[in-house]
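As structure tokens, the structure follows; a few thoughts come after it.
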Amino acid sequence: MTVPQTPIYSDDTAALFPETGPDGQPAMRVIGHRPVSAITFDPWAGLIRQLAAHPNIADVYQAGVGPDGRPSMLVDAAGSTLAERLCHTGPLAIGEAVSNASLLALGLDTLHQNGLRHGLVAPSTVLFDGFGRPRLAGLDATAPGLGATAIPPRFNPLDQQPGPATDVYALAATTYVALGGQLPFAHDPYNPGLRSQPVMDLPGVPQQVTGLLRAAMNPDPAGRPSAAQLHAEFSTIELPHVPSVHPALPYDAVGIAIRPVTTGVLEINAVGSTPHPVSGAPAPYPVSGGAAYPVSGTPVTGVPHSPAPQMAAPQPQWTPQPPPPQQQKRPNTMVIAVASVIGVAVLVAAAIIGVSLMNKKDTANNPDPTPSGSSAAPMDEGVKSIDLEQADVYLLQQFGRLVNGKSDKYVLTGTPVYADIDGDNDLDAAGLIQFQGSGAKDDKPWEFVQVWLYDPKTKEAEPLEFEATWQWTCSELRALNLSTNPQFPNTFEIKRSDYNYCDGRNHGTEVIHVQATGTTPVRNDDGHKSAVINCLGDVGVTGLDIADVTGKADPLFLPKAGAEKVAEKTAIKKMQVYYTKPVDSSINHGYAYAVVTFADSKTGCGWVPWTVVS
């Protein structure tokens with residue numbers, strides 16, 4: 001393997017060269033200008049490669065010292081950065097920004113608990129994978145022999161001794177900008193007077209969020225929460241993922257003069273301030289015909305074994321700072337109109353949500369739950385004791401049988417999660433099934449979530465009849481996170497978001513908590529049980545027809561005659577169907593999914609006959 005001789009970026013310590021990673025996706029080679037001792041670099045390299053298995057830390061494919069003594073890393077550069085999203089489509093939805101901050105804090109906590117720090121958290125180093133999952137990139141910022149000698153304090157604090165608290169401050173500053181805020185010191189980061197000013201409340205953002213960000217940006221590092229505390233606090237905040245309507249941010253509000261983690265952020269970073277290529281820097285190693293740098297699987301000397309990352313123990317409580325009296329002023333920026341058009345061809349089957357989902361790293365985000373079953377008897381392991389690679393599935397309106405995790409149409413991928421979703425004191429399961437049949441509408445395999453209930457009589461895993469969403473080729477369910485959440489015991493939590501690559505827009509994220517009543521799947525959110533459909537993502541989307549079907553039918557949990565009612569008509573304030581024309585009423589067994597607004601103004605989903613849709 002060789003690398004190009006012309007770097008795309010070079011500073012006083014290292015140069016960057018685009019490459020292709022082992023998975024065929026874009027990667028970035030970071031090569032130091034000067035030799036470094038393997039005794040110094042290799043232990044760090046071995047540890048960071050292990051920690052990069054965390055789902056919210058970007059992949060490190062290779063790390064080691066080359067034959068000439070210079071350090072090298074090959075890191076993941078696929079996807080787009082937060083900086084690109086802010087500059088191209090505008091601030092994030094409040095719920096998405098908070099969710100991302102919680103996950104990134106978990107990644108930081110993993111680094112901190114293992115004696116490392118990131119050193120350069122910023123919109124330009126938050127990397128979203130192809131499914132919208134946020135990850136910490138730019139890990140070379142504090143690598144031996146690769147770390148830049150000067151780090152711009154655009155998002156970092158002016159700490160005398162940088163440490164874990166520095167990362168916490170930078171994540172909070174990054175999140176504040178992601179919400180559309182302007183940092184008081186944005187245009188004069190070295191001004192101590194501006195640094196002492198707390199960030200303002202933001203329109204539409206709960207004070208619980210801005211109060212937490214103020215605490216994390218305390219000028220005194222000792223007054224900031226830890227990354228573990230930040231994750232815990234953000235995790236308690238439940239917010240809707242309503243798409244932001246704010247204009248895109250200018251490059252100079254987001255860019256920072258650091259090494260780009262992707263080629264897409266080069267221009268944005270350059271506006272932060274002009275990069276400083278090194279004149280006369282050593283030629284990149286290796287040149288054409290030279291020996292290769294360490295490749296994946298090549299051992300490096302002195303690499304210690306690191307234990308699995310540990311999460312921080314609970315910390316003492318701290319009190320967020322009160323909001324300042326002034327209101328945040330937003331600078332003038334170019335307004336970008338947001339238009340969202342979703343192709344809504346829906347084909348219902350027996351899974352939850354059709355998605356494109358990365359199989360990587362599910363285990364770290366999906367620990368086994370501690371079900372809240374009866375205290376009188378231990379929880380039966382149920383489905384957890386069954387080999388799901390030999391289980392039945394029910395997808396696309398037909399049964400199938402997995403043999404060694406596969407059939408002629410389906411493949412079981414990822415790591416299943418477990419919870420007692422039907423309340424009978426045994427564990428049920430949910431897992432990812434990839435559909436490989438000829439019915440897929442584009443060149444990517446479609447994937448679904450299959451749920452199995454444990455039958456204590458037969459001691460088998462019975463596939464639950466779910467509803468699956470199938471969409472047009474130009475509409476892709478880009479992000480899905482299947483997990484359990486202690487705040488919602490006895491449920492599977494599904495977070496999914498939609499991206500329409502015909503109009504290039506993300507259409508928001510929806511969170512669904514799934515339980516079972518008998519053998520009927522239900523979503524249990526906001527105190528109401530309703531049908532397991534991703535219907536709420538259509539609310540507010542332009543380009544859809546809307547039919548008011550209030551009082552015309554009872555919403556059902558399943559699209560079939562005789563199914564259980566979600567609620568009586570008298571308990572419903574409003575019911576609407578979002579759809580596109582022409583309508584094919586033969587799909588979904590002749591049923592359409594509706595957004596149900598209950599008497600207390602909370603919302604859910606239900607199925608109604610197409611015949612009531614005018």
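The values are calculated or read from the model by the stated rules, or taken from the named source; none is laboratory data. Here the structure is a predicted model, which means the values were calculated and not measured. Glycine gets a Cβ as well: all are built from the backbone with ideal geometry, and neighbour counts include every protein chain shown. With ligands, DNA and RNA removed, areas are computed over all heavy atoms of the protein, side chains included. Shrake-Rupley method; radii C 1.70, N 1.55, O 1.52, S 1.80 Å.
Listed values, structure above:
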item: Test: residue 182 is open to solvent by 50 Å² or more (accessible area, probe 1.4 Å) and in contact with an Asp or Glu (Cβ under 8 Å, 6 or more places away or on another chain); result: no
item: Close pairs from the range 170-193: first more than 13 Å from residue 250 (Cα to Cα), partner among the aromatic types (Phe, Trp, Tyr) and part of a loop (DSSP other than H, G, I, E, B), Cβ under 8 Å, at least 6 apart; result: 170/155; 173/155; 174/155; 183/155; 191/185
item: Every residue from the range 8-36 that is in a strand (DSSP E or B), of a type in the set (S, T, N, Q) and within 25 Å of the chain's Cα centre (by Cα); result: 20
item: Positions within the range 379-408 being in contact with a Ser or Thr (Cβ under 9 Å, 6 or more places away or on another chain) and over 13 Å from residue 430 (Cα atoms), in sequence order; result: 379, 400, 401, 405
item: Number of the condition not met by residue 49 [criteria: (1) in contact (Cβ under 8 Å) with a residue 40 or more places away in the chain; (2) in a helix (DSSP H, G or I)]; result: (1)
item: Single match in 95, 79, 90, 107 (criterion: under 28 Å from residue 17 (Cα atoms) and open to solvent by less than 10 Å² (accessible area, probe 1.4 Å)); result: 107
item: Any chance residue 164 is under 30 Å from residue 483 (Cβ atoms), open to solvent by 40 Å² or more (accessible area, probe 1.4 Å) and out of contact with any Leu (no Cβ under 7 Å at 6 or more places or on another chain); result: yes
item: Qualifying residue in the range 178-201 (condition: at pLDDT 90 or above and assigned to a helix (DSSP H, G or I)); result: yes
item: Residues satisfying the stated conditions in the range 77-130, i.e. in a helix (DSSP H, G or I) and closer than 16 Å to residue 169 by Cβ; result: 101, 104, 105, 107, 108, 109, 111, 112, 123, 125
item: Hits in the range 133-146 - residues which are part of a loop (DSSP other than H, G, I, E, B) and open to solvent by 20 Å² or more (accessible area, probe 1.4 Å); result: 133, 144, 145
item: Candidates 150, 137 - the one that is at pLDDT below 90 and of a type in the set (A, V, I, L, M); result: 150
item: From 491, 473, 458, residue being more than 20 Å from residue 417 (Cα to Cα), modelled with pLDDT of 55 or more and of a type in the set (Val, Ile, Thr); result: 458
item: Odd one out for residue 64, checked against (1) within 15 Å of residue 144 (Cβ to Cβ); (2) surrounded by fewer than 20 Cβ atoms within 10 Å (Cβ to Cβ); (3) in contact with a helix residue (DSSP H, G or I) (Cβ under 9 Å, 6 or more places away or on another chain); (4) of a type outside the set (A, V, I, L, M); result: (2)
item: Cβ-Cβ under 6 Å pairs, at least 6 apart or on other chains, the range 459-471 side more than 25 Å from residue 592 (Cβ to Cβ), far side modelled with pLDDT of 50 or more and of a type in the set (Val, Ile, Thr); result: 461/383; 461/386
item: Test: residue in the range 522-540 that is within 30 Å of residue 417 (Cβ to Cβ), touching a residue at least 12 places away in the same chain (Cβ under 8 Å), in a strand (DSSP E or B) and over 27 Å from the mean Cα position of the chain (by Cα); result: no
item: Subset of the range 68-98 (residues that are more than 26 Å from residue 25 (Cα to Cα) and touching a Phe, Trp or Tyr at 6+ places or on another chain (Cβ under 8 Å)); result: 68, 98
item: Near pairs, Cβ below 8 angstrom, 6+ apart or cross-chain, from the range 256-267 (over 16 Å from residue 153 (Cβ atoms)) to any residue that is hydroxyl-bearing (Ser, Thr, Tyr) and modelled with pLDDT under 85; result: none
item: Residue in the range 494-516 that is outside any strand (DSSP E or B), in contact with a strand residue (DSSP E or B) (Cβ under 8 Å, 6 or more places away or on another chain) and either surrounded by 23 or more Cβ atoms within 10 Å (Cβ to Cβ) or at pLDDT 80 or above (or both) present; result: no
item: Positions within the range 434-455 being modelled with pLDDT of 80 or more and either out of contact with any Pro (no Cβ under 8 Å at 6 or more places or on another chain) or of a type in the set (A, V, I, L, M, F, W, C) (or both), in sequence order; result: 449, 451, 452, 453, 454, 455
item: Condition met for residue 239 (part of a loop (DSSP other than H, G, I, E, B), closer than 18 Å to residue 134 by Cα and out of contact with any strand residue (DSSP E or B) (no Cβ under 7 Å at 6 or more places or on another chain)); result: yes
